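Visitor: The structure follows.
Quick note: the coordinates plus some simple rules give every number you see, no bench work behind them. None of these values were measured; they are calculated from a predicted model. Please note: Cβ atoms are built from the backbone with ideal geometry, for glycine as well, and neighbour counts cover all protein chains shown.
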């Protein structure tokens, strides 16, 4: 921040009052050349959407008439109008009021500070001094004096484009997967009905077990069998039913495995029979919660109040109308064996996956998401993520990453909807919260963005994009050191801008140089600003020339930028705009 002191000699001496006969006021006007003013900063600067001014004045001895009053009003004058700062009132020793007093004998000094909101019209402006003096019935306006240039608005160069967090997916050596089939049983029975063996899900599972070979892309791991009984009837009977249903399911699978060509399927521990409760109260509760059964809330209350199976059964049976519906719709679903065939798929190469991207329905969920990260083609990414969502609608990774694609396509409403779906599936997940904040930032909702970013950070999001987006807001808020910290170690235009605004000119120069040769003229423009702050004139002219050649709009912008005010009369500088 630069201080410039003005000693108004002849120019201020002729700033006489427009009055016919003013006595002491005339004497004050004659000695006005001896008043000194210091304006900080000069040129004026905009930070966090505001323009602050600090004026210090020194009044010499035997200048201020003891009965005089002086009202000062600084004004910012620009092409399309002006904005007045607050007034400052000074008075002589015998003036009867409570303003700041200036001694006739010793003189004195005064300080003035004020802040006004910035508007775009103010970028090219002059800070003017306007005053009105009075003594008794006499008063007069002082002529207008320019105090400072205005306004440096370098913080407005911030690139406000938020960055979005893509959730990465790594492909392991093999992908774990499974096929599941459910066999339902008649009440108090353990034998498998022929109709159950005809179900497509069981046929598909058996086909996997019998057709997989040691050379197949799929590698069998094991088969898990979990058997259950509904919680009606005697507990000892249900225990026998669970055991019997497990045996019947295991017998069927073991018999089917005789046709298997996979070596692992012949191993004695390939089929695993899981330990399950004698009565499936957990399954019962889950079915009730997802149903529209009559007296649903009452039944759930019974489950929460009583832990004894017999008491539960008795109380539920007392709800007569509901129990009839339970017998028909809920309890039959609990008499079952769940068979899970666990297997692993051999991972395709990146080249194979990209070749299949045009036929995405042949890829598994993880393959779809991973393949989408291998390409920069937004249309292909969109297609792959949509296919993943069609297969698994609740996949938060696919929904989040689809939102990132939409954001890159500037489809912000679609992006927001995708992020919200991801947040519904996996609530308060850091990267998703960061992306919702990025949407808010892009839409100009800074308060909402800050809330999301704070939540994302609290949720453990470590992405550099989160810090980058927070840094953008820091610049807008005038918190430049915080911005530098949030931008982290990755070099970017915004990081260099924050360093410049924080007074770290050498660091900013290093960051900009690390960006290398780029097509963005604003990078070279910022280089010119940094050079100007270090009085590296040749670098100023060189970088400005490059900036103007790369980005045409810079020419008009730079010609009035007060960052270069000390070069305005320089012939080399002026030649850049001819």
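Visitor: Using a 10 Å cut-off around each Cβ, can you sort 319, 167, 369 from fewest to most neighbouring Cβ atoms?
Guide: Listed from fewest to most nearby Cβ atoms, that is 319, 167, 369.
Visitor: Now, a different point. Under the rule a/c < 1.5 gives rounded, and otherwise a/b versus b/c splits prolate from oblate, where does region 393-488 land using the Cα gyration tensor?
Guide: prolate
Visitor: Mind running the shape call on region 304-376? Use the C-alpha gyration tensor, a ≥ b ≥ c as the square roots of the eigenvalues: rounded below 1.5 for a/c, prolate if a/b tops b/c, oblate otherwise.
Guide: Cα axes put region 304-376 in the prolate bin.
Visitor: Using a 7 Å offset from Cα along Cα-Cβ at residue 557, what residues in region 114-150 end up with backbone N under 20 Å from the label point?
Guide: Answer for region 114-150: 118-125, 150.
Visitor: Continuing with the same structure: Using 1/(1 + (r/R0)^6) with R0 = 30 angstrom and r between the beta carbons of residue 394 and residue 518, what's the FRET efficiency to the nearest 0.05?
Guide: 0.15
Visitor: Going by how many other Cβ atoms sit within 10 Å of their own, how do 163, 56 line up, fewest first?
Guide: Arranged by neighbour count, lowest to highest, 163, 56 become 56, 163.
Visitor: Okay, next question. Report the far tail of the P(r) of region 4-152, meaning the percent of Cα-Cα pairs longer than 21 Å.
Guide: Percent of Cα pairs beyond 21 Å in region 4-152: 43.
Visitor: Length gain on complete extension for the stretch residue 48 to residue 420, per 0.36 nm per residue less the alpha carbon to alpha carbon distance?
Guide: Stretched out fully, the residue 48 to residue 420 stretch lengthens by 130.8 nm.
Visitor: What is the distance in Å between the Cα centres of region 508-578 and region 308-353?
Guide: Cα centres, region 508-578 to region 308-353: 70 Å.
Visitor: Round to the nearest 0.05 the FRET efficiency obtained for residue 538 and residue 110 when R0 = 45 Å and r is the Cβ-Cβ distance.
Guide: The pair residue 538/residue 110 has a calculated efficiency of 0.60.
Visitor: Work out, step by step, the length gained on full extension between residue 358 and residue 376: first 0.36 nm times the residue separation, then minus their alpha carbon distance; give nm to one decimal.
Guide: Roughly 5.0 nm would be gained on extension.
Visitor: Further question on the same structure: R0 = 51 Å: FRET efficiency of residue 214 with residue 485, Cβ-based, nearest 0.05?
Guide: Computed FRET efficiency for residue 214 and residue 485: 0.35.
Visitor: Another question, if that's okay. Can you give me the relative contact order of region 4-152 as a percent, contacts being Cα pairs under 8 Å and 6 or more apart?
Guide: Result for region 4-152 is 27 percent.
Visitor: May I ask you to give the average projected area over all directions of the convex hull of the Cα atoms of region 174-345, in nm² rounded to one decimal?
Guide: Hull-based average projected area comes out at 10.8 nm².
Visitor: Another question, then. Jot down the per residue volume, in cubic angstrom and as a whole number, of the convex hull over the alpha-carbon atoms of the chain.
Guide: Convex hull volume per residue, Cα atoms: 247 Å³.
Visitor: In nanometres, what is the gap between the two model label sites at residue 566 and residue 263, each 7 Å from Cα along Cα-to-Cβ?
Guide: A separation of 8.0 nm, rounded to one decimal place.
Visitor: Could you please rank 537, 97, placing first whichever residue has the fewest other Cβ atoms within 10 Å of its Cβ?
Guide: 97, 537
Visitor: So, in Å, what gap is there between the alpha-carbon centers of region 423-500 and region 55-117?
Guide: Rounded to whole Å, the Cα centres lie 44 Å apart.
Visitor: For region 508-558, rounded, prolate or oblate, judged on the Cα gyration tensor with a ≥ b ≥ c (square roots of eigenvalues), a/c < 1.5 rounded, else prolate if a/b > b/c?
Guide: In terms of gyration-tensor shape, oblate.
Visitor: Moving to a separate point now. Where in region 265-287 does the amide nitrogen come within less than 12 Å of the point 7 Å from the Cα of residue 224, taken along Cα to Cβ?
Guide: So the set is 272-276.
Visitor: Please give, to one decimal in nm, the separation of the simple spin-label points placed at residue 243 and residue 200, each 7 Å out from Cα toward the Cβ.
Guide: In this crude spin-label approximation the distance works out to 3.8 nm.
Visitor: PRE reach from residue 306 (point 7 Å along Cα→Cβ): which of region 323-345 fall under 17 Å by backbone N?
Guide: Residues 323-324, 326-327 fall inside that zone.
Visitor: For the pair residue 146/residue 193, report the inter-label distance in nm, with labels modelled 7 Å from Cα in the Cβ direction.
Guide: With each label point 7 Å from Cα toward Cβ, the separation is 9.7 nm.
Visitor: Between residue 94 and residue 121, 0.36 nm times their residue separation minus their Cα-Cα distance comes to what?
Guide: Once the chain is fully extended between residue 94 and residue 121, it gains 5.5 nm.
Visitor: Using just the helices of the chain, give the 222 nm mean residue ellipticity in deg cm²/dmol: DSSP H runs with n ≥ 4 each add -39,500 (n - 2.57), and the total is spread over all residues, rounded to 500.
Guide: -12500 deg cm²/dmol
Visitor: Just need the relative contact order of the chain here, percent rounded to a whole number, with Cα pairs under 8 Å and 6+ apart.
Guide: 12
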